[in-house]
Structures are given as C-alpha cells and as structure tokens.
Amino acid sequence: MNLELAKKPMAGKKPMVSKTQESRAPLRLTRVVIENVRPEVDCGQFAIKRVVGEQVEVTADIHADGHDVVFAVLRYRSPSQAEWQEIKMESLVNDSWKAAFPVSEQGRYLYTVTAWTDRFASWHRDLGKKFSAGQDIALDILVGKDLITQAAGRASGPDAKRLLSWAEELAMSGEKEPRLGVEAAENPELIQLMQSHADRSNASTYPRELAVTVDREKARFSAWYEIFPRSCGPNGGVHGTFRDCESKLPYIAEMGFDVLYLPPIHPIGVTNRKGKNNSEVCSKDDVGSPWAIGSHEGGHDAIHPQLGTLADFKRLRSKAEQLGLEMALDLAFQCTPDHPYVKEHKNWFRVLPDGSVQYAENPPKKYQDIYPLDFETQSVNELFEELKRVTLYWIEQGIRIFRVDNPHTKPYQFWEWLIAEIKSQYPDVLFLSEAFTRPKVMYRLAKLGFTQSYTYFAWRNTKYELTEYFTELTRTPVREYFRPNLWPNTPDILTEFLQFGERPAFMIRFVLAATLGASYGIYGPAFELCENRALRAGSEEYLDSEKYQLRQWNTADARSLKDLIARVNRIRKENLALQSDWSLQFHPNDNEQLLVYSKTSPDFSSVIVVVVNLDRYYTQSGWVDLRLDALGLDPAQPYQMHDLLDDSRYLWHGAHNYVKLDPHTMPAHIFRVRRRVRTERDFDYFL
C-alpha cells in the first residue's frame, strides 16, 4: 500500500488538487461488460457467411457490477441502411444473452451489441418486491415519477407527451392507493416507452463492429457438373465447339444439376505443350492442357478459336440458363510461355540469371508449359489491376460464378483485395476455392472471402474419418466461414476408392457427396460412366486424361449412374433438410461399415435419415440407434421410414431398428421420416 496516498489531509486545510485534476473532463462511467460475442471470426478480422433469407443468431456474455437490471440490444445494419436497427436481446442463464436478426439482401451487413444498466427497470423490479413485502412505497412512487419525467426529456413528439402523462398518472395513482401505483407501473405501454427512451448515457458498446457477407442461395445449395466443351464433338477425333456443347445441355439438366462448370476456355500455348497423359513429348495433333493459358491468339480474356466466338459463348450461356443451368468459369491465373503477358509484361514473371523465365515446379515435378505470375514484382499494383480487369470482363459477359484454380499459390492479400473489390460492385458473384492443401491454408482462404471451398471429402472413406471431418465442418466455428463443396472426383483426382470397386464405389461416393453436403459437384461424364482407369498404380491421374486429349463419352451406356443422379438431385430439391449443412448429425450403429446421419429443417417439417454401406464389395447389416429427440420424434409413437430411392416404406418403432444394404443393388437408404397423424375418425396416416 502506498502510505503517502493513504495519509489524510490536516484538519482545517483544503486538500491539494493538481492543475491536471482540475482540467480533467468528468469520467464517463460504464458499468456493463460485454464479452465473448459469437459468432466472431478472429476477433472480428473476417466476416461470417450467410445467404439471403437466413438469420444471424448472436450470443454474448453481458454483466454489470451490483444488482441493477441490465438491458441489451443487438444492433445491425444492412448494406442499404445508414442507421442501425435494434433487437432486444434475451437474457438466458449465467449472464448469457442472445438475439437474432434476418438478412434479406446480398452484400455486407454489420452487427454489434450495446448494453446498459436500466434504472427504471431496476426501480420497477424493486417496487413490486417492496409492495409484496408490505413496505411503504410512497417515496419510491416519486422516484419513479422522476425517472419517467427524465425519459420524457429524452423523447420528443407524442412519446414525450405520453411519458409526461404517465408520470402524473403514476404519482396520482400511488397517492390514492399504493396498489394502484404498482398497477400503473406495470402498464405495458409505459414499459415499452421507457425502454424506447432509456438513459444510455453510460451504455457500453462492444468495441468491434462485426461483419456478415450475405450471398444468394446458390452459395449454400448447389449441384455442379464439370464438362470439357472440346470433348463434345461428334466423335473423339474432332475438337468440340460451344455449339456442340449445346447438345449436351438437356442431358445435364435432366440429371438435375444447376451449375455448369467449364474448365478454362482460353487459347492454349504451343511452347512446351504437354502431350497425352501429361507426356513431355507432344505431337502436332495434341490439344494441350486448358490450364496452359495463352498463345498468339490471346490470353485470359480471349476464347480458344476452336471452341467458337464470344457470340457462341454467350449463346451457350443463354441456352444453359433456359434449362436452369448457371454457367461457372475457371479463373486460372497462370500463363504459358506464349501468353501475351510474357512479351508485354515480362516483369510480372520471375526472370532467372540467364534471362529465361522461371516455369512452375513442385519438385521433382516440372511444369514447363506454365509460367507462374510473380506477385513480388515491383509492378504488383499493375498486376492486381489487370487480374481484376480480367475478372470483370467475364462478369460483363454474364458470368457470376468462378471456380478458382490453386488459389493457395497466390498471395492471401491478393484474394482478399480482389474478392472485396468484385463483391462491392457485384455482390451476387460467387467464388469456389480449389485449394487441396493444408487445413489452415484452406480455412484462411475461406476467411478472406471465398464463397465455397473444395474439401478433403474425396479422401475420407471410413466411418471414423467421415464422422470426425464433417463434425468439424458443421459443428464447430469453422462453419461460420467455410462452406464445403464436395467432389468425389475431379479431372485431377481419381481416388483409390473409385479405382477399385467399380459401380458400387461410385454410387457410395455419390450418395455421400449429395447428402452430406448441400453443395457438391462431379466431373462428368467420367463420373456417371464410372471411369476408373488410373494412369499407373499408386497414381490418382486418369489414364488418357481429358486434361490432355479429347475424349468420346457414351452417355447412353446402360451402366451409367445418370438415373440415380437424377433421382437424388430431385430428392435434394424436394426436401428442405438437404439444402443446408448445419443440422447434420451422426447416429450410432453397431457396424463400422454403416454410416448413419440425419438432416432436418428448422421446424422438423423435413426430416431425412441417410444410411450408407461404406463397403463397396459386400452386403452389410446392423442395428441403428436413432437419436429421436434430434429428429423431433416421440419415442412412444411409431413412425414411417420412406426410402426415397426406391419408394419402399418401413414402419419403425423406437430408436433401435435393423437395416441391410447390398452395394451391388443399392448401397444406401435416403429415408424421409414421416410421423403418424391420427384423424378425428381414428384413421392413421403418415405425414
């Protein structure tokens, strides 16, 4: 203890006050503490994500010294609003509070929390206690009158007049009879007016304004189909065109997809062009990789001449939209040695001591046909603006969805800037991050603004792996910013699971992708035709990969999964439970080869239970233990399990029930849970 500070002034002498103390402004006392606000990503550095029509539920720990009543509001502002909107927060247990606000337009919302000690609410609470205890409340009535009069001074117009009237009403009622004064204080109109004009002079506001990026519905729920237009020709030896691709649109639409994704459509370089199966030996007939962008015919804002013209591209996009397919394009910011950038902006690339340009490497792999852009160039501002221009160019051609190739190989700062710039002008633009890399890098890219992200789903095969991974994606704070898009295959990825197991393996992975995730995609027609030939043992590259050559696909093949795909996509569109991810819950069973999970709509009007046999070779059976409370089911009532895949129906009782699945016929059930409803005539049916 500082004894000097503890000394009392001598009798008869005025305590000395420093000039600093005399000039100091009165301290603004704040008594309320606001902490642990959720959702919040990295102390508010990044926005959470929602889609139009959803709500943002906010929780916080809010408390104050003493015993005064605390009042808290959730404040939010939409992109089109200049003023804050407020919603009263509800007090829960242990000083926890919550409230929710709706998001009804695309763009960037802001939200925060404000709280204060409410003298009127404290007075109102104590007045009732004193009256119930038989104490004299005459003086308390006068205190209440003063509080209401002060509130009238903060109000204006009709509210001010009503508050003055209430101040007099309270005083007169209390003077006549204490009970009447208490009843006047209980009036809902008075309480509402006092809340609206509370004294906030000492209110506390959370020091950060948190953000929500609100996208259109396709950001949450979509089914993607990837196709190479150049393989849409009349036979395998003729380069396809956009006009040829038009003939494939009805086939894709009939399967129920809503996003048509095209790999890069730009001119392909000739220098160091790769041959079939990624060979470094290239013949004159080899078409090269679409991701080797740029030639004398143009760069990222040009179209490969063999595909057609810009008018042909716009026609394809229009035809697709008429069938319910929105077109997505690839953003692959890399160049070939023949790209116009190399001649016009050599300083955008890393130049080696011998004067040559550094090509891409991932030792020991070499990509001689690709020059990566050097974002550490002294002309970085110029480079940023050019890539923004390219993105805007395709937006101007009607594109609103981009699949971004290898974003983890470009600076974080670039993506944060580019996505913010684009979405400030076009909030309906969606970006899918194709970054199969370390988890923290994938999550960082999502935080920076990518709308959706590829995942590790393709390599998660066992019950444990799938349960742990999707619990992380849907039940932890990751879900606030990372929207998964599940792909069982891509032109780069033919997993071991798909290489061995034939048709059942593809059925299993498809049902998992389409029901575990609200957004998923397939690379077709390779997927529905169960293409499983690997380049070599231990490789995930396709033999005769479409990345390096034209392919002829027989989509009429009887082995095709197109009917299953169409049925599942129809199930997804007809059942609200499958159109979001957050309700995903896994259920126990006694067989490690069976995965059981459910999804529900918020009001339980749509309840889906999926059972998948993870074994692509053998029939598996077991007993399922459903968590009935998670499904909104009464354990005392039977319920119907309607398998939407084959329209069969089963009557189940309680949580413990038996299933059996043969992967060679159908490796999964997609059950719609139907509750028993009894009519006035005691006739039961299941809804």
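Worth a mention:
- Filtering region 459-494 to residues that are surrounded by 18 or more Cβ atoms within 10 Å (Cβ to Cβ), in a strand (DSSP E or B) and over 16 Å from the mean Cα position of the chain (by Cα) leaves only THR490.
- Of the set (1) open to solvent by 70 Å² or more (accessible area, probe 1.4 Å); (2) at pLDDT 95 or above; (3) farther than 30 Å from PRO250 by Cβ, all apply to LYS365 but (2).
- Residues satisfying the stated conditions in region 94-139, i.e. over 30 Å from VAL214 (Cβ atoms), surrounded by 14 or more Cβ atoms within 10 Å (Cβ to Cβ) and of a type in the set (A, V, I, L, M): ALA121, LEU127, ILE137
- Verdict on GLY236 being at pLDDT below 95, out of contact with any helix residue (DSSP H, G or I) (no Cβ under 7 Å at 6 or more places or on another chain), open to solvent by less than 60 Å² (accessible area, probe 1.4 Å) and not hydroxyl-bearing (Ser, Thr, Tyr): yes
- Qualifying residue in region 244-256 (condition: touching a residue at least 60 places away in the same chain (Cβ under 8 Å), assigned to a loop (DSSP other than H, G, I, E, B) and either closer than 30 Å to VAL103 by Cβ or among the hydrophobic types (A, V, I, L, M, F, W, C) (or both)): yes
- Among the residues listed as VAL58, VAL51, the single one being open to solvent by less than 50 Å² (accessible area, probe 1.4 Å), in contact with a Lys or Arg (Cβ under 6 Å, 6 or more places away or on another chain) and under 30 Å from LYS218 (Cβ atoms): VAL51
- Region 608-660, residues that are touching a Pro at 6+ places or on another chain (Cβ under 6 Å), assigned to a loop (DSSP other than H, G, I, E, B) and charged (D, E, K, R): ARG616
- For region 179-216, residues that are open to solvent by 70 Å² or more (accessible area, probe 1.4 Å) and touching a Gly at 6+ places or on another chain (Cβ under 7 Å) total 1.
- Taken together, the residues in region 334-358 that are under 18 Å from ASN272 (Cα atoms) and open to solvent by less than 30 Å² (accessible area, probe 1.4 Å) amount to 9.
- Matching residues, region 408-424, being part of a helix (DSSP H, G or I), open to solvent by 10 Å² or more (accessible area, probe 1.4 Å), in contact (Cβ under 8 Å) with a residue 24 or more places away in the chain and not hydroxyl-bearing (Ser, Thr, Tyr): HIS408, GLU416, TRP417, ALA420, GLU421, LYS423
- Pairs are defined by a Cβ separation below 6 Å, a sequence spacing of at least 6 or placement on different chains, a first member in region 534-552 that is within 12 Å of GLY288 (Cα to Cα) and hydroxyl-bearing (Ser, Thr, Tyr), and a second member that is modelled with pLDDT of 95 or more and open to solvent by 50 Å² or more (accessible area, probe 1.4 Å); the pairs so defined are TYR548/LYS276.
The values are calculated or read from the model by the stated rules, or taken from the named source; none is laboratory data. The structure displayed is predicted, hence computed values, not measured ones. Ideal geometry is used to build each Cβ from the backbone, glycine not excepted, and the neighbour counts take in all protein chains shown. For accessibility, only protein heavy atoms count, side chains too; no ligands or nucleic acids. Shrake-Rupley method; radii C 1.70, N 1.55, O 1.52, S 1.80 Å.
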